[in-house]
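The values are calculated or read from the model by the stated rules, or taken from the named source; none is laboratory data. Bear in mind the structure is a predicted one, so any value in this text is a computation, not a measurement. All Cβ positions, glycine included, derive from the backbone under ideal geometry; neighbour counts span all protein chains shown. These accessible areas exclude ligands, DNA and RNA; they are computed on the full protein's heavy atoms, side chains included. Shrake-Rupley method; radii C 1.70, N 1.55, O 1.52, S 1.80 Å.
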Amino acid sequence: MWHHHDGRGIDPKGTRGFSLPTATVHYAPDRQARVEHLKLELWVRPDTPGVRGTVRLALFPLRPARTLTLDAAELTIERVLGPNGPLPFVIEGSRLVVTFPDLLAPEAKVDLTIDYRGEPRRGLYFIHPSEARPHLPAEVWTQGQDDDSRHWFPCFDGPHEKAPSELIAHVPAGLFALSNGELVEKREEGAEWVWHYRQAEPHSTYLVTLVVGRYVPIEDQAGEVPVVSYVHPEQLAAGRLTFARTGQMVRHFAERIGLPYPWARYSQICVADFIFGGMENTSATTLTDQVLFDARSEADYRAQAESLIAHELAHQWWGDLVTCHDWSHAWLNEGFATYFELIWREHADGADDAAYARLLDKEAYLQEGYRRPLVERCFEEPIELFDRHQYEKGALVLHLIRTTLGDEAFFRSLRLYAERHRHGTVESQDLYRAIEAATGRNLQALFDQWVYAAGHPVLNISGAYDEVNRCFNLTVEQVQKGERIPEAFTFSCEVEIRTEVGVERHPVHLEHKKQTVRIPVEGRPKAVIFDRGGHLPKQVDNRLPPHLLRGVLEASDDPIAVIEAARALVGRGDPASVQAVLDCLRDHNFWGVRAECAKALRRLPIQSVKECLTDAVLEDGDPRVRRAAIRALGAFYDDREEVAEFLIRHAPIERSDYVLADTCRTLAELRASTARAFLEANLERDSHNDCLRAAAAEGLAKLREPELLPKLYERLGPEHHPKLREAATYGIAGLARLLPVGSAPRVEAGEQLERLLDDPWLRVRIRAAEALKSLGEPRAASALEERIPRELDGRARRAMRLAERDLKKHPPLGEELDRLRDELKRLELDHGKLKERLEKVELTRRAPPPAPAKKEKKKKKKKHL
């Protein structure tokens, strides 16, 4: 299962807890029986939200018992048959308890047949056109993870329950059906088509799937493995472009893991209104149709789309073939799949792209407002565990293991781990034991720190050259704090020192809260990189002298080191350091470095930075760099009219929808006089996944004009794209905060948000809860409290609980918070102006006579706004 996370933020102390007050400790339940085979027959129609079905289980009890208890949530059980006829049963909450006339003997086969019907509110979803959304396709699709298969068929619903399966789907004539495994038969029965699939190898209940709709195939091959992608006919061109490299992915992952693709075929199918990014159902992945892209959006979107495709494909090994025993160890599913996104990126786009994607994974993890161990048993619902720890931190820990072992030993360990546990379930110690068996290495200390403890090293780094002893003294202080976070991590990394003699690389081992390492060098250092390659999941305050950081920008081939040095140099703010970052933005050959230099320079709203950023907007060939430069221009509030004029003049020649979307955001941030007209115009423009309208709605909310609230209300209706509705929902709080507490318009805004807590679209409900928390009206806590028991999705329920908690705990901030934000922006601008004046003084005072003339000549060549 795949979540897409974005944004940035750091909470080094982990001050907010993960577990809610209602959380309890969870373990896998006792197993009652070993299921030999699961056969499911269903009758479904996209236009009728209901299911009729029969499930047949061949099972062997594991201990003497008179009853068996299955999971069956909100289903009407019509009949239960045993080997000798009907059996009595009762429904106890979401459980079906079946009673047998005689004591069941361990390992004595029992055949159980259950006829049932239901109108599922979870697990099985019905999509069809409506008056508000006439463009919607007719579809039926399932989503079992984490524990939702029980909502559409009676079963033993847990990841540790595995069995081969069959699924027979009766659907309206003309509709295609996809399920796990191979298609055994397709036949016509009057007004129905019947599709029969068989999954011969065991897999977990949550991975059983069914998708129904009008689809066309896009066929590919990976050796002898058929690779088929399914889209609706009108999506065929985009599907061919989006899935062009899936066959290559299958081949590459099989080669890297050292284990062939484990199922008979690989299918992936796009559906509308999917509640996740993707789901790795065994041999038959379900994907959101928002993964599709066209030629116009390819440069912006291919990497993101292929990350999703690679993630779900990797799960066919990590999650489907080898499955976490219970959800507390689910990082073994999701962390592996997230890391294999990077494995694909490394192969397809190069080592620099993969390293940069890993840096973004680290920053996504750092954004999480709490710190928890990867293995966590205290939660309210399993879905709460599907966070940035499970995905991004899990991937970072695997990369740390890879760099600790080396490539050959790492992939050899993964192969043994997969071979040992294929078609089985695992806990984290099983990975540790496979590594030990394959390599002889004892990584228990690493697992204790990175898997079973919380947090990561937060480091202050300083150092100086000792000319007398010809060594560089590197001091590293660990300052991390928080519950369950080690006071001092033990780790090793590589320090690279560049001197006039050459490049030296030294391994260093750190284990104390504060430690100084003496590193012998052949000459005076010109550049120093701590943790070359950025392999360690960490936060760093780099206090090395500026000239050593500038040396990194000038000569290093390590993109992560260059990015981190550029960020540190912008913080120093001296003219030489700023110029080094400007040169890097202009000249570096890797787009990720240029984009991060642009983002870092946002902190210095001075003339030379503005010129360099506008050059990047005009000249950089990568839209991702242009986007970063445009967002950085949002810091030039004092020059807002000039910057806005430039951006609006550039917009007609811009080819990327996503660059134009960030133009909307920047104009809104600047609050230029022309911003409103530009945003309102883009509210009417079509774009990829409606990114322009969504950005325009975000922008309107930032203009601080409460009279714009009706324009956001108009975008809340179901006829609009989900992305636009989500943006409008959250934007309402931003504008309503500006209104007087208790005023009729502010009350109306709160009531609009409260109504959205019942919206059919999951992410609108989540955004509504977040918006109510942002609006800060204590009265909304009662609406949230009333709504929580009726919420079916754990993600939305958690968002509502957090909003309720904060509203009861904190008074409304409203306009005072916005005033403080504006004052902070003003101080930042004044700081930037002071830096610019100091820069001019420094250039005049220090530079020898020829240098200023040369620099002035270079400046004259620059483009001005």
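For this structure, a couple of remarks:
- Taking every residue in the stretch 237-258 that is touching a residue at least 40 places away in the same chain (Cβ under 8 Å) and open to solvent by 30 Å² or more (accessible area, probe 1.4 Å) and pairing it with any residue that is outside any loop (DSSP other than H, G, I, E, B) and of a type in the set (Asp, Glu), at least 6 positions away or on another chain, the pairs with Cβ-Cβ distances below 8 Å are Leu241/Glu298; Arg245/Glu306.
- Scanning the stretch 417-449 for residues being of a type outside the set (Ser, Thr, Tyr), open to solvent by less than 40 Å² (accessible area, probe 1.4 Å) and not in a strand (DSSP E or B) gives a total of 11.
- Given (1) surrounded by 15 or more Cβ atoms within 10 Å (Cβ to Cβ); (2) in contact (Cβ under 8 Å) with a residue 40 or more places away in the chain; (3) of a type outside the set (Gly, Ala, Ser), number of the condition Val508 does not satisfy: (2)
- Taking the stretch 407-430 as the range and being under 27 Å from the mean Cα position of the chain (by Cα) and within 22 Å of Cys493 (Cβ to Cβ) as the test, the residues that pass are Asp407, Phe410, Phe411, Ser413.
- The requirement of being open to solvent by less than 20 Å² (accessible area, probe 1.4 Å), touching a Pro at 6+ places or on another chain (Cβ under 8 Å) and in contact (Cβ under 8 Å) with a residue 40 or more places away in the chain is satisfied by Leu709.
- Filter result for the condition that a residue is out of contact with any Lys or Arg (no Cβ under 8 Å at 6 or more places or on another chain), open to solvent by less than 20 Å² (accessible area, probe 1.4 Å) and polar (S, T, N, Q), over Thr663, Thr674: Thr663
- In the stretch 594-624, the residue that is most open to solvent (accessible area, probe 1.4 Å) out of those that are closer than 22 Å to Ser656 by Cα and in contact with a Cys (Cβ under 8 Å, 6 or more places away or on another chain) is Arg594.
- Meets criteria (buried (at least 17 other Cβ atoms within 10 Å of the Cβ), assigned to a strand (DSSP E or B) and in contact with a strand residue (DSSP E or B) (Cβ under 9 Å, 6 or more places away or on another chain)) for Gly551: no
- Condition check for Glu645: in a helix (DSSP H, G or I), open to solvent by 50 Å² or more (accessible area, probe 1.4 Å) and touching a residue at least 40 places away in the same chain (Cβ under 8 Å): yes
- Condition check for Glu726: surrounded by fewer than 18 Cβ atoms within 10 Å (Cβ to Cβ) and acidic (Asp, Glu): no
- Flag for Gln290 being touching a helix residue (DSSP H, G or I) at 6+ places or on another chain (Cβ under 8 Å), polar (S, T, N, Q) and surrounded by 24 or more Cβ atoms within 10 Å (Cβ to Cβ): no
- Residue in the stretch 600-623 that is within 30 Å of the chain's Cα centre (by Cα), among the hydrophobic types (A, V, I, L, M, F, W, C) and within 15 Å of Ala299 (Cβ to Cβ) present: no
- Output for the stretch 464-494, where each listed residue is open to solvent by less than 20 Å² (accessible area, probe 1.4 Å) and in contact with a Pro (Cβ under 8 Å, 6 or more places away or on another chain): Cys471, Phe472, Gln478, Gln480, Phe489, Phe491, Cys493
- Restricting attention to the stretch 334-358, the residues that are aliphatic (A, V, I, L, M), in contact (Cβ under 8 Å) with a residue 40 or more places away in the chain and open to solvent by 10 Å² or more (accessible area, probe 1.4 Å) add up to 4.
- Strands (runs of 3 or more DSSP E) contained in the stretch 50-147 and holding at least 1 residues open to solvent by 10 Å² or more (accessible area, probe 1.4 Å): 65-71, 75-82, 89-92, 95-104, 110-118, 124-127
- Yes/no for Asp407 being more than 30 Å from Glu36 (Cβ to Cβ), out of contact with any helix residue (DSSP H, G or I) (no Cβ under 8 Å at 6 or more places or on another chain) and buried (at least 19 other Cβ atoms within 10 Å of the Cβ): no
- The strands (runs of 3 or more DSSP E) found entirely in the stretch 182-224 that carry 3 or more residues being touching a residue at least 12 places away in the same chain (Cβ under 8 Å), out of contact with any Gly (no Cβ under 7 Å at 6 or more places or on another chain) and more than 26 Å from Arg245 (Cβ to Cβ) are 182-189, 192-204.
- Only listed residue being open to solvent by less than 60 Å² (accessible area, probe 1.4 Å), within 30 Å of Pro722 (Cβ to Cβ) and in contact with a helix residue (DSSP H, G or I) (Cβ under 6 Å, 6 or more places away or on another chain), chosen from Tyr261, Tyr206: Tyr206
- Restricted to helices (runs of 4 or more DSSP H) entirely inside the stretch 677-759, those with at least 2 residues that are among the charged types (D, E, K, R) are 691-702, 722-736, 744-756.
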